[in-house]
1. When the expected Rg is taken as 2.2 N^0.38 Å, what fraction or multiple of it is the alpha-carbon Rg of the range B:78-237?
2. Return the carbon/sulfur percentage of the accessible area of the range A:244-290, one whole number, probe 1.4 Å, all protein chains in place.
3. How large a share of the accessible area of the range B:1-130, in percent, is made up of carbon and sulfur atoms when the probe is 1.4 Å and the other protein chains stay in place?
4. Over the range A:158-227, what per residue volume does the convex hull of the Cα atoms give, in whole Å³?
5. Leaving ligands and nucleic acids out of the surface, order B:Lys13, A:Lys102, A:Lys258 by accessible area at 1.4 Å, largest first.
6. Just want the answer: with Cβ charges of +1 for Lys and Arg and -1 for Asp and Glu, which residue in A:Ser211, A:His137, B:Gly69 is farthest toward the dipole's positive end in the protein assembly as shown?
7. Residues of A:360-369, mean number of Cβ from any other protein chain within 10 Å of their own Cβ, rounded to a whole number?
8. Residues of the range A:265-293 that become at least 50 Å² less accessible with every protein chain present than in their own chain isolated, using 1.4 Å: which are they?
Amino acid sequence: MINLAQKEIAHTFGKFIVTAMGVGMLLGIVLIMIGVYRGMLVDAQALLDDMDVDLWIVQENTLGPFAESSRIHEDMRDTIKVIDGIKESAGFTFQNLQLPSKSGAVRVFAVGYDPYGDINPINPKRLIAGRVLQRDHYEMVVTDKTAFQLNDKIPLGRDIYTVVGITHGTVSSGGDPLVYVSLKDAQELQFLYSNARTRNDRARGIASTNSHMINTVVARVRSGYDIDSVANDIRRFKHKAVFTATQEKTLLTKNLIKMASKQIGMFTVILVLVSTIIIALIIYTMTLEKMKEIAIMKLIGIPNSMIVKMIVQETLLMGVLAFISGNIFAHLIYTKFPKRVVLEAPDAFMLFIVVVLASILASFVGVKKVLSADPAEAIGG
Amino acid sequence: MNRQSIKVENLVKNFGKGDSLVEVINGASFEVNKGELVALIAPSGAGKTTLLMMIGCVEEPTSGTIWLGDEKVYENRWLTKETRKIRREKIGFIFQAHYLIPFLNILENVTLVPQTNGVSKKESEAFARELLDYFDIEDKAESMPSSLSGGQNQRAAIARALANKPQIILADEPTAALDLKRSVDVVKMLKKIALDQDVAIIMVTHDEAMLPLCDRILKIENKKVVSTEVPKKSHIL
């Protein structure tokens, strides 16, 4: 049996391919949008995964340190450390900074940690050049996206920092590149007021601010201890908010980027709808162009099922080709985006299913036109 | 032996209803036998194509009876739901233009209907090649219609009309777009087909020069069909 769709596509191959590629670019954007969302999830978890801790202890009644601001005293680290079941603990600060560079200010997310402490947030696998912090002051490890090089000097606050290490793929939940400074430097940057401010406060009778504050204490629990039980003990006796690693991840992925993911989800749905409408319009136009031939086929006795099959097969092939070209397009451009884009096979598979369903839906407009074609139209020029 | 291929009795076709009712055919009755080439003539708008479409099971009559071969297909209603199957199996159509499917090559155009009827690819292609050879375009079997001349395409279209071994061929002004010489060639070819394939052919035409080549003339007069003898051969033939 002659396959009408195959013959028709072969006859208009160039036009068909170019049309499919056009729709494919739209589908490529859909894949990129999903990839941006996946990238946000990966970014949100990158720092948590690198730190690999069991508990996050923050200011009471807050969702800190990322979702809400949190301030606790630095010595809380030692208090936590002696609690039964705690293996290691460390104090951390987190803050956004603007680093001056030759190409303008670079917005970064600074992680302050104790270079001599129990927990080092720099994943050795991500360190691509130099070393981790080894001194209490004026050293900085930057991520490669900041474009700083080893031994670059970066003026920040009252001091000048030297780049001693470069990491790759380290970003904050907001997608800002991470830099690492010592806890002492970070505390000065975040909590120490300028001389003028201190003088002004003194004149107002306000005591000097204590800069020995941190945003969170993180801890690892000894094996054999139940993490939730240890967390409950800290909540009850130390009057702090405590989140397990899972809860902290949920805070970041479900709450912090919830709106952003909804936004992206909306865009994705709209793009899929637009793609469906475009495929439907293309198939409708292609069917209109063939109305004379369809009328002749009906007149000479070709059954509707054979003509409908041609339309549906063409639409499906259009969808599949568009999906393939969209995938190629997405893989060609996704590295050019400033923020992380993660293209995953399951997402592509889901999109494929959606495209197939959308194509079947889109083919209905062509099929409707076929069914309404009057074979008598074939006669009379 | 029954030679009747088409029989029409009291066929009526009206368009519209009430005040806007238009009678096109009112009580047409005629027969066409196997091997006959019959011309159907009438002024423009008199209902030639409508009559052809009713015999071809495309347009539903208002009333009357139609036999195609031994099968009564219409008696005040279609007697089968499968009018398209009747067209596919019993009728061949030839149009003013060739109307070949542009995305199928000549061989595929000719074998499309037989293959749809369930004839194997091998068998349908063998018969199609015979037909193309008969029309002297066998070497164009793999060509696309766009690469053939108008005359070659028209011959391919006639081959397509014959490919399902029809009992009846309905030709709607097949010579309208051709010059006199080619028109004569086509009508002579139709006459030869009628005899060789033993099929009944009704040919709608406006070209009086073609009438002497036909066996008989059916003329629509006062919404009825009248059968007349063909005129004597014209000097141009």
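1. Rounded to two decimals, the normalised Rg is 1.07.
2. Taking all protein chains in place, the range A:244-290 shows 73 percent carbon and sulfur surface.
3. That share works out to 45 percent.
4. Output value, Cα hull per residue: 182 Å³.
5. Result, largest first: A:Lys102, A:Lys258, B:Lys13.
6. A:Ser211
7. Partner-chain Cβ atoms within 10 Å, mean over residues of A:360-369: 0.
8. For the range A:265-293, once contacts with the other chains are taken into account, A:Glu293 lose 50 Å² or more.
The values are calculated or read from the model by the stated rules, or taken from the named source; none is laboratory data. Being a predicted model, the structure only gives us computed values, none of them experimental. Cβ atoms come from the backbone with ideal geometry, glycine included; neighbour counts cover every protein chain shown. Keep in mind that these areas ignore ligands, DNA and RNA; they rest on the heavy atoms of the full protein, side chains included. Shrake-Rupley method; radii C 1.70, N 1.55, O 1.52, S 1.80 Å.
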